[in-house]
Each structure stands twice: as structure tokens, then as C-alpha cells.
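Input: a single structure, listed below in C-alpha cells.
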Amino acid sequence: MTSKPLALVTGASRGIGRAIALELAQLDFDIMINYWDFNAAGEPDDSTAQQAQEMIQATPAKCQILRGDISNAQHRQKLVDFTREHFGRCDMLVNNAGVAPSKRTDLLEATEQSYDRVMNINLKGPYFLTQLVANWMIEQKKVNPERSFRICSTSSISAYTSSPARGEYCLSKAGLSMMTKLYADRLAEYEIGVFEIRPGIIMTDMTSTVKDKYDKLISQGLTPIKRWGQPEDVARAVGAVAQGRMDFSTGQVINVDGGFHLQRL
């Protein structure tokens with residue numbers, strides 16, 4: 001078993017997930033990366049995950065990668081089993097993996113296929129992965145009561161902001177927000193802190209297709225802080241949780257949105 005705390009980060013091959021993994025590695029965590037990437041031809045692609053692994057291994061941290069679809073029960077179990085086998089522990093879970101709809105579609109024309117895909121990855125996957133890991137954390141806590149365990153989930157301002165062209169995404173993030181409350185309540189007796197990290201407009205692959213739209217909105221004052229968020233902004237919030245700075249604030253929402261959540265006149 002590794003002597004350092006271990007963080008399992010889903011969707012960590014690139015973007016926000018990679019930034020979180022690097023932040024935690026720099027905070028003396030070993031890292032387990034989960035990913036589910038494909039290239040332009042639709043073929044499985046391990047290259048970005050391998051690149052992330054190399055970046056983390058350039059720090060003092062150990063890092064393993066495992067390809068897996070968190071919406072799939074067998075893949076979730078394999079991920080937990082693999083982490084047990086290679087590290088023997090899990091001190092932090094970061095539910096970061098998520099997708100946008102393949103195509104933005106008006107609410108009145110949205111398809112069940114798109115709904116099922118987004119909800120299965122963004123909500124069902126984290127819900128049941130958290131269940132698996134939480135039970136393992138409880139098991140570890142009973143044996144090692146001095147150790148600290150924490151869970152973070154990456155939601156979105158879409159948890160409360162209407163976007164009728166991607167309703168399934170908004171619902172999935174609103175559900176993730178409630179999931180955080182439920183697990184924070186249930187796990188408090190074991191002193192396992194559970195937190196929602198709520199990013200705003202962050203510069204990632206997912207938002208690159210709407211860059212011009214948000215460039216304009218940000219310049220017009222959509223957010224009090226007039227710049228795009230960066231993956232590192234989100235990572236630093238997760239880092240604060242990982243360091244124990246928020247332990248008495250379980251269930252808390254941490255907004256990383258440049259002030260978007262402020263209601264202004």
C-alpha cells in the first residue's frame with residue numbers, strides 16, 4: 001500500500017480533470033486517473049491520459065491510468081478494484097468526468113438517446129461510483145480513524161442556470177448538486193467530507209465550440225470578473241478541500257465562476 005494519500009480523479013486525462021490531478025499531485029497525493037477518450041475517427045485513444053500520467057510522474061507522485069466508462073457498472077467496479085490493487089487505499093474521490101450533449105437541441109425536440117447518454121455519464125456514473133468508494137472509505141476509516149477522506153464532484157453553473165438547448169446537461173448537473181447534499185448528510189457520521197465544485201465558464205475543449213459567444217458575453221459583463229476561468233482555477237478549489245481547509249463545511253458549494261452566481265442590479 002502506498003504511504004501517501006491517494007486521489008482517484010475521473011475524466012482526468014485533459015482539461016479540468018488533468019488540472020485537478022496535477023494540483024493534487026503537487027499537494028503530495030498519488031493519483032489514479034480514469035478516462036474514456038476517443039480520437040477523431042472514433043477509436044479508443046490513450047495518448048492524452050498517458051501524457052497526463054507523464055506530467056504527474058514528473059512530480060514526486062505515483063500515477064496509474066485506467067480507461068473506463070463510469071456509466072458502466074462493470075467499469076466502475078474494475079476502477080475501484082484496480083485502485084485497491086495498485087494503491088491499497090483511496091483518500092479522495094473527485095467525480096469530474098462529464099459530457100455535454102453531442103448536439104445542442106431545443107428542449108421541444110430533444111431526444112431520449114441524448115438524455116440517456118448525458119444522464120448516465122454525468123449523474124448515474126458519479127452516483128454509483130461514489131457509493132462504491134464511500135463504502136470503501138468507511139471500511140478504511142474504521143481501520144485507520146486518524147486518516148481523512150473527502151469527496152468532490154464537479155458540477156456547473158448549469159445546475160441552476162437555464163439553457164433550453166441543452167436541458168439534459170442542466171438536469172444532470174442539478175442532480176449532481178443534490179447528490180452532494182445526500183452523500184454529505186449520509187457520510188457525516190464517518191467524518192467524510194463531501195463537496196460540490198461549481199465551475200462557471202471555463203476554457204476547455206467542451207467550451208471551445210462556443211468561444212466567440214462567451215468572449216462577447218464576458219466582455220459585456222456576464223461575469224463580474226471579466227475573463228474566462230481556467231482549469232487551474234477549479235483545481236485550486238479542489239486543492240483547498242484536499243488540504244482539509246473546508247472539513248467543517250461538508251455539503252458546501254464552492255463557486256468557481258468569476259462571480260456569475262451574484263445576482264446584480
Of all residues in the range 81-98 being touching a residue at least 60 places away in the same chain (Cβ under 8 Å) and out of contact with any Pro (no Cβ under 8 Å at 6 or more places or on another chain), the one that is surrounded by the fewest Cβ atoms within 10 Å (Cβ to Cβ): Gly88
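May I ask you to list the residues in the range 137-159 that are closer than 22 Å to Pro231 by Cβ and assigned to a loop (DSSP other than H, G, I, E, B)?
If we filter the range 137-159 for residues that are closer than 22 Å to Pro231 by Cβ, which is where we start, we get 150-159.
Ser155, Ser156 - these are the residues of the range 137-159 that are closer than 22 Å to Pro231 by Cβ and assigned to a loop (DSSP other than H, G, I, E, B).
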Test: residue in the range 111-123 that is closer than 25 Å to Ala25 by Cα, of a type outside the set (Lys, Arg) and in a helix (DSSP H, G or I): yes
Enumeration of residues in the range 121-172 that are farther than 17 Å from Ser102 by Cβ and among the basic types (Lys, Arg): Lys124, Lys141, Lys142, Arg147, Arg150
Test result for Ala7, closer than 19 Å to Gln230 by Cβ, among the small types (Gly, Ala, Ser), in contact with a helix residue (DSSP H, G or I) (Cβ under 7 Å, 6 or more places away or on another chain) and buried (at least 20 other Cβ atoms within 10 Å of the Cβ): no
Some residue of the range 209-227 being touching a residue at least 12 places away in the same chain (Cβ under 8 Å) and small (Gly, Ala, Ser): no
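Considering only residues that are in a helix (DSSP H, G or I), aliphatic (A, V, I, L, M) and touching a residue at least 40 places away in the same chain (Cβ under 8 Å), look in the range 52-80 and name the one that is surrounded by the most Cβ atoms within 10 Å (Cβ to Cβ).
Once the filter is applied, the top-ranked residue is Ala52.
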Residue within the range 91-110 that is under 14 Å from Met179 (Cβ atoms), assigned to a helix (DSSP H, G or I) and at pLDDT 95 or above present: no
Elements of type helices (runs of 4 or more DSSP H) contained in the range 160-265, each with 1 or more residues being crowded, with 19+ Cβ neighbours inside 10 Å, aliphatic (A, V, I, L, M) and at pLDDT below 95: 211-219
Residues of the range 128-147 satisfying the condition of being more than 14 Å from Ala184 (Cβ to Cβ) and either in contact with a strand residue (DSSP E or B) (Cβ under 8 Å, 6 or more places away or on another chain) or among the aromatic types (Phe, Trp, Tyr) (or both): Phe128, Leu129, Val133, Trp136, Ile138, Gln140, Lys141
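Quick check on my filter: what residues within the range 29-47 are of a type in the set (Ser, Thr, Tyr) and assigned to a strand (DSSP E or B)?
Filtering the range 29-47 for residues of a type in the set (Ser, Thr, Tyr) gives 35, 47.
Across the range 29-47, the qualifying residue is only Tyr35.
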Scan of the range 59-78 for residues that are of a type outside the set (D, E, K, R) and either within 19 Å of Val99 (Cα to Cα) or out of contact with any helix residue (DSSP H, G or I) (no Cβ under 9 Å at 6 or more places or on another chain) (or both), ordered by number: Leu66, Gly68, Ile70, Ser71, Asn72, Ala73, Gln74, His75
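The values are calculated or read from the model by the stated rules, or taken from the named source; none is laboratory data. Quick caveat, the model's predicted, so the values are computed rather than measured. Here Cβ is always computed from backbone atoms with ideal geometry, including for glycine, and neighbour counts include all displayed protein chains.
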